[in-house]
Amino acid sequence: MKAIHILTSLIILSLAFALAACEGEKDLIVIEGNLPIKTSAFYMVGDATPAGWDIGNPTALTPTEEDPLVFVYEGHLNSGEMKCCLKTGDWGAPFVRPVTNGCEISGSGVQETTFIMYAGDPDNKWRVTEAGNYRLTFDLRNWTIAAQLLGK
């Protein structure tokens, strides 16, 4: 009889723990799309940029006052290729790149408006087809790029 009482007590205690554990569970929240790229620094590197391919000293973009995840560059770009990074000195780090290799930046803007970020290959790069003064805007919240030719 004592064994049945102990067994019943253990079953009741187990059920109480099981019910208490369920109360703390939360609904799973699924976030669709890309999360913002949170960084305080954003750089571009490539022969189209003022710093060239110097990963130790790439060209910095400036965050906007309205949104610190929107970075802007206003200045001269050469004809050539470029990609972007979040830190200096590391070719193995993830880079911000166009979806399609050779996506053109020209006087009419940029062919694609979205970008991707990854490390390794394929080594996709933007291709500046027309040298001149540009305003490049990278929105790291929405994963988009805009380009505007300001003059030659």
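Run down A119, A131, A147 and say which single residue is at pLDDT 95 or above, under 15 Å from the mean Cα position of the chain (by Cα) and small (G, A, S). None of the other options fit; the residue is A119. Residues in region 114-152 that are part of a loop (DSSP other than H, G, I, E, B) and either touching a residue at least 60 places away in the same chain (Cβ under 8 Å) or of a type outside the set (D, E) (or both): A119, G120, P122, N124, K125, T129, A131, L140, R141, N142, W143, K152. What are the residues in region 32-75 that are acidic (D, E) and at pLDDT 95 or above, if any? Listed by number, the residues that qualify are D47, D54, E65, E66, D67, E74. Somewhere in region 104-111, is a residue modelled with pLDDT of 95 or more, over 21 Å from the mean Cα position of the chain (by Cα) and assigned to a strand (DSSP E or B)? Within region 104-111 (the criterion being modelled with pLDDT of 95 or more, over 21 Å from the mean Cα position of the chain (by Cα) and assigned to a strand (DSSP E or B)), the answer is yes, since at least one residue qualifies. For region 94-103, a tally of residues being within 15 Å of M44 (Cβ to Cβ) and surrounded by fewer than 13 Cβ atoms within 10 Å (Cβ to Cβ) returns 0.
The values are calculated or read from the model by the stated rules, or taken from the named source; none is laboratory data. Fair warning: this is a prediction, and the values are worked out from it, not measured in the lab. Neighbour counts are summed over all protein chains in view; Cβ atoms, including those assigned to glycine, are modelled from backbone coordinates with ideal geometry.
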